[in-house]
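Here, each number is a calculation from the coordinates, and none is a lab measurement. Bear in mind that the values here come from a model prediction, so they are computed numbers and not experimental data. All Cβ positions, even for glycine, are placed from backbone atoms using ideal geometry, and neighbour counts span all protein chains on display.
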Amino acid sequence: MRRAGRTSVATPPDPSLAELTPDQRLRRLELTVTRRLNGLLHGQYRGLLPGPGSEPAGSREYRPGEDEVRRMDWAVTARTAVPHVRQVDADRELTTWLLVDASASMEFGTAELDKRELAVAAVAAVGFLTAGIGNRLGAQVLRADGVRRFPARSGRTHLLGLLRALLTAPRATEPGDRSRSRPETPQPVAAAELADGLDAVHRVANQRGLVVVVSDFLDGLPDDPDEPPPWERTLRRLSARHQVLAIEVTDPRELELPDVGLITLVDPETGRRREVCTSDRRLRERYAAAAAAQRDQVRQALRRSAATHLALRTDRDFSADIVRHVHAQRRMAAAPAGAVRGGAA
């Protein structure tokens, strides 16, 4: 049951979405993001996260375990006898690199959106929130046939082109299908992994900026919860140089099974199938416990990697979750150290 988060139940797609052309879907997505986010986020020139940058924005007290020592403001520290760190606003020219997981496990959903469509919506929100004169956006898209690269460029046309490519990318016709002939007994197929995509981002992200990873983070997750996943080390290297935002995409059926009788569970990565009877209460409880442990394993790995974590679900309003996240990050950046510690307690 350790692979509860990777198991899916086949569901029919939303007919209202399936009937739309790619351009219509793109237009709907653009309107959704701009209408819901525009006007909700105010303040000085800041993007999805406070910083990174070099524009001076004052100082605040040092928070042990949260702040980097290299950001110490020694002049203020000497004057006040209290450790302070420098605060900076985002650079006027920010480069954002995206790593978008478009593997088979993302082609699953039981709510209004599937995980892949939610990932595209998250990319649209990132593009909108980091848009600005001189700002650039690049992407690495993790697919079954490798990593597709989009160079870092600025402008609305570039963002819409990236979103169109994500919306129109071919999907697997069946779970485990890699656009090639498969034997009767599905076999695992070697494909680009999340660690490969992170390595690709690390090679191209030469200047300090923002790195956003959109994935379910289930790739290579070990059975031993004390063992780090293969992508953790590279993510930690990225966090040492860049601000990293990890957007975790999940579906409610990955967290618990409904009581609907006999169903077929499918591993979307390999195509393996297994019939289970969901009327068994103990089975549903074991599934929920295994899924919760798996998600906690992901959260712990992201925390060790020093990445900011944003969880999105297919059954929730993604724009509201993003707005809450941005406001929370800005409050943490602006609040005195004592207030943050008191609120956390």
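Could you state the number of Å between the C-alpha centres of region 210-284 and region 116-159?
Centre-to-centre distance over Cα atoms comes out at 23 Å.
Within region 248-283, list the residues whose amide N lies under 19 Å from a label point set 7 Å along Cα→Cβ of A293.
Those under the cut-off are 254-257, 281-283.
Percent of Cα-Cα pairs per 10 Å bin, from 0 to the last occupied bin, for region 195-321, please list those.
11, 36, 32, 15, 5, 0
Listed highest first by mean packing, meaning other Cβ atoms within 10 Å per residue, what order do 275-286, 244-255, 95-106 come in? Write down the numbers at each step before the final one.
Values: 275-286: 12.6, 244-255: 22.6, 95-106: 24.9.
Answer by packing, highest mean first, reads 95-106, 244-255, 275-286.
For region 98-151, take every pair of Cα atoms, bin their distances at 5 Å starting from 0, and report each bin as a whole percent.
Bin by bin from 0 Å, the calculated values are 5, 19, 24, 23, 16, 9, 4, 1.
Label-point separation (nm) for R164 and L31, each offset 7 Å from Cα along Cα-to-Cβ?
Here the modelled spin labels are 1.9 nm apart.
With an 8 Å Cα cut-off and a minimum separation of 6 or more residues, compute the relative contact order for region 202-312 in percent. Please list the in-between numbers first.
Working: 137 pairs, mean separation 36.7, N = 111.
After rounding, I find 33 percent.
Tell me the Kirkwood radius of region 276-327: reciprocal of the mean inverse pair distance over distinct alpha-carbon atoms, in Å.
Across region 276-327, the inverse of the average 1/r is 13.4 Å.
What's the extension gain from I133 to T21 if we count 0.36 nm per residue and subtract their Cα-Cα distance?
So the extension gain works out to 37.2 nm.
Could you tell me, in Å, what Rg and Dmax come out for the Cα atoms of region 205-269?
Using the Cα atoms of region 205-269, the pair Rg, Dmax is 16.3, 54 Å.
Sorted by mean Cβ packing within 10 Å, highest first, what order do the peptides 148-156, 162-170 take?
Highest-to-lowest ranking by the protection proxy: 162-170, 148-156.
Expressed in nm to one decimal, what extension gain is obtained for the pair A306 and R149 from 0.36 nm per residue of sequence separation less their Cα-Cα distance?
Stretched fully, the A306-R149 segment lengthens by 54.0 nm.
Per-residue counts of other Cβ atoms within 10 Å, averaged by peptide: what ranking do you get for 135-143, 213-221, highest first?
213-221, 135-143
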